[in-house]
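Structure first, then comments.
The values are calculated or read from the model by the stated rules, or taken from the named source; none is laboratory data. This one's a predicted model, so the numbers in the text were calculated from it and none came from an experiment. Cβ atoms come from the backbone with ideal geometry, glycine included; neighbour counts cover every protein chain shown.
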Amino acid sequence: MTEPLVSIIIPVYNVEKYLDKCLTTVVFQNYDNLQIILVDDGSTDNSLSICKRWSSKDERIEVYSKKNGGLSDARNYGLRYAKGEYISFVDSDDWISLNMISKMVSVFSENDVDMVTCQFITVNNGNAKLFFHQDKKLNIIDGKGMFRLLLEDNNMTSHVWRKMYKRNLIPKDVFEVGKNFEDILAMPILVSRCKKIACMNEGLYFYRTSNGKSIVNAISLRNIEDRFYAIKESTNEIIKLEPQLIKVANQALLIKEIDVYRNLIDSRIINDKKALPLIANIKEDLREKDYRILPGTAPKLFGYSILKSKALAILTYRLFEKQDSLFKRVMRRFELYSERHNKRVAFKDKYLNGNDKLFVVLGVPNYGNLGDQALKFAEYNFIHSYFPNFKIVTVGLDDGFLIRNLKKKITRKDIVALQAGGNIGTLYPWIHNTLLNFLLSFKKDRVFIFPQTLYFNDDPMGKQYLQNTKSVYQQMQHFLLFTRDKFSYDFAQNRLQGARTVLMPDIALSLTPKIEESKRSGAILLLRNDSEKTLSIEDLQLLLGKVKENFGNNYLQSDTHLHFDDIDDNFAKDKLHELWNKISKSQLVITDRLHGMVFAALTNTPCIVLHSKSPKIQGVYEWIKNNKFIFLEDDINELSNMIKSALATSGCHFERKNIKEKFDQMAELINKL
């Protein structure tokens, strides 16, 4: 069966710094039947020449150059040449998962829908975060349900990217030219033509917020005018199409109009004479509104005088805006106090009553790094195996307020540990400082750190962090630092004198996943998108080219990070087993993540490991290098030979006898603290 043609429209304007990354992820999709339309909107940098270079290498790429007319005009222009059954838009400073198109097309083919959406991941200076976590893997809704989500502006946004559309449902020149926030204006039109819409929970689109060129984030009179116009027009259009949503629509509009007014107040624009007509329009709109429709307490005490003065405008905004809200900050203090009180009571009831010997683990993660989650479960297993008579007590990174109660209970018979990982040093400053503060509460107790990687920048910040760390470690009276790599061990020996340091394996290597037996097929790529990423665009292109040569489209892109927080143990276990099963069904793992390598070893899956910013990959590799199905890349140009060698490996079985012996030794050392 022939794959449906998908037209991907990419407007291009002065993005030479980002364009190669964007096009790499589009060209190397695991879906071939693409028409890639690049619309150069009068760029004055090298963007057009980059487009032409790509089109000379890939016949699926069509380049069109026009006078600058703005994003709307460029998208409309691209639609005129689009021949695909489906349409997707990608902004040229963003990028997409290598699975995005194939997954969306699959949803179309398996469900009778007219539009497919996915979640997106915001990336800001190497910090990647899922915009919204939706519990259901696939949620199918009608047009009314989609309008409600758009009005709430939480799970669903009006961005035209992160979505795929049936071409025959998109009208000509759907984007209003000459206006910013064109997505907000176009979305009611696009949704009105859909009977059913499928919303995926996966983050498949990467939205760059650190490029400094975002129209959405830039405050100017033009942008505020266009936003005010867009939210009013789109809300009125939704009310016309779905009158039953009038209350939700008016509530959403009021909150957004208050936010627009806040933008005026926060900028100097409010003092610009040119802004007077806009200010008058917004004030008139806001005075006519019924504030009783807002959630929470209505500002009825202001009466008719609301928003007459700047002070009242600010207060109104702070009462009801979702961000920077004085009222909500006060309420949050009460909620936080109540939450902490309840947590203290539950913590005391669960852990601190009775005379059990306690094994405390500080800094356990509730965030979506599955590598750190695996470390946590491995620690639990270690304690159950070697210290069965101890009760495990866990304190999360956000739960430092529990330590005062815990400290009163700890005696010399108890043991305190810090979570394993790569969090000591300057890579993750907040976690590092939190863990140091935790340690200071237990200076006279038996304390150790599960196997860690140390990484301090060689700059003033790094030197200060190192000095602070050394000072804390020297205050510990019964203390052991376990490091999981030789670099960290040598560093601690030379730079953290006074800390007794012992080299041990990464504790996740002790796990024994239960995996489903199945025939292996294809490759899985576990590649970073965060601050530790070191793979260059050129090397990524080389890598993806070799993957295409060897596997065709039979490859997946995944990650060992979920990019969201507040996950509990059961959810983390489910996600770990889901990933382990994906890996175990693959012929090959290619990764630049430490725990991508570890998970490959645990599932007996051939693996090629790329170097990373931190020395931890090389260091942990030393513990498992006797397993000949794990290959550490030394030269990216030798990738073809490495893939062939990995695929030729048979009878893969993770040998860990030496690792088990080291953990036996680790338990003995802890007992002697």
| Has segment 591-608 got any residue that is under 16 Å from VAL547 (Cα atoms), modelled with pLDDT under 90, outside any helix (DSSP H, G or I) and not small (Gly, Ala, Ser)? | no
| said: Given the options LEU594, LEU535, LEU540, name the one that is touching a helix residue (DSSP H, G or I) at 6+ places or on another chain (Cβ under 7 Å), more than 23 Å from GLN452 (Cβ to Cβ) and touching a residue at least 24 places away in the same chain (Cβ under 8 Å). | reply: LEU540
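Residue-wise test of (1) among the aliphatic types (A, V, I, L, M); (2) in contact (Cβ under 8 Å) with a residue 40 or more places away in the chain.
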residue: VAL361; (1), (2): yes, yes
residue: ASN366; (1), (2): no, yes
residue: GLY371; (1), (2): no, yes
residue: LEU375; (1), (2): yes, yes
residue: ILE383; (1), (2): yes, no
residue: PHE390; (1), (2): no, no
residue: LYS407; (1), (2): no, no
residue: GLY425; (1), (2): no, yes
residue: ILE431; (1), (2): yes, yes
| task | Name the single residue, out of those in segment 624-673 being assigned to a helix (DSSP H, G or I) and acidic (Asp, Glu), that is modelled with the lowest pLDDT. | result | GLU638
| query | Looking at LEU435, LEU440, LEU427, which is the one that is assigned by TED's automatic domain parsing to the domain that holds LEU503 and over 29 Å from the mean Cα position of the chain (by Cα)? | reply | LEU440
| Of the residues that make up segment 190-206, is at least one β-branched (Val, Ile, Thr), under 23 Å from ILE239 (Cβ atoms) and surrounded by fewer than 21 Cβ atoms within 10 Å (Cβ to Cβ)? | no
| remark: Of those in segment 370-387 that are touching a strand residue (DSSP E or B) at 6+ places or on another chain (Cβ under 9 Å) and more than 28 Å from PRO429 (Cβ to Cβ), the residue surrounded by the fewest Cβ atoms within 10 Å (Cβ to Cβ) is HIS384
| request: Sort through LYS247, LYS213 and tell me the only one that's among the basic types (Lys, Arg), assigned to a helix (DSSP H, G or I) and either at pLDDT below 90 or farther than 28 Å from LYS137 by Cβ (or both). | output: LYS247
| remark: Going through (1) in contact with a strand residue (DSSP E or B) (Cβ under 6 Å, 6 or more places away or on another chain); (2) more than 26 Å from ASP485 (Cβ to Cβ) one by one, ASN554 fails only at (1)
| remark: For segment 444-476 the number of residues that are of a type in the set (D, E, K, R) and within 18 Å of THR501 (Cβ to Cβ) is 2
| task | Report yes if some residue within segment 152-162 is acidic (Asp, Glu), over 20 Å from TYR86 (Cβ atoms) and in contact with an Asp or Glu (Cβ under 9 Å, 6 or more places away or on another chain); otherwise report no. | result | no
| task | Taking only segment 3-54 into account, find how many residues are assigned to a loop (DSSP other than H, G, I, E, B), over 22 Å from ASP173 (Cα atoms) and aromatic (Phe, Trp, Tyr). | result | 3
| remark: The correct count of residues that are among the polar types (S, T, N, Q) and touching a His at 6+ places or on another chain (Cβ under 7 Å) in segment 619-656 is 0
| Restricting segment 133-154 to residues that are within 22 Å of ALA186 (Cα to Cα) and modelled with pLDDT under 90, which is farthest from the chain's Cα centre (by Cα)? | GLU152
| request: Evaluate the following for ASN626: is it under 23 Å from LEU511 (Cβ atoms) and outside the structural domain of TYR31 (by TED's automatic domain parsing)? | output: yes
| message | So the check is Cβ under 7 Å with 6+ separation or different chains; which pairs have a first residue in segment 464-487 that's more than 16 Å from ALA417 (Cβ to Cβ) and a second one that's of a type in the set (Ser, Thr, Tyr)? | response | TYR465/THR426; ASP485/THR453
| Residues of segment 388-404 that turn out to be at pLDDT 95 or above and exposed (fewer than 14 other Cβ atoms within 10 Å of the Cβ), as a count | 2
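Residues checked against (1) under 16 Å from LYS232 (Cα atoms); (2) in a loop (DSSP other than H, G, I, E, B); (3) at pLDDT below 75; (4) not aliphatic (A, V, I, L, M):
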| position | (1), (2), (3), (4) |
| --- | --- |
| LEU254 | yes, no, no, no |
| VAL260 | yes, no, no, no |
| ILE270 | no, no, yes, no |
| LYS289 | yes, yes, yes, yes |
| GLY303 | no, no, yes, yes |
| query | Taking the stated definitions as given, is HIS611 touching a residue at least 24 places away in the same chain (Cβ under 8 Å), assigned to a loop (DSSP other than H, G, I, E, B) and more than 24 Å from the chain's Cα centre (by Cα)? | reply | no
| field | Residue check, ILE10 more than 13 Å from ASP93 (Cα to Cα) and crowded, with 20+ Cβ neighbours inside 10 Å | value | no
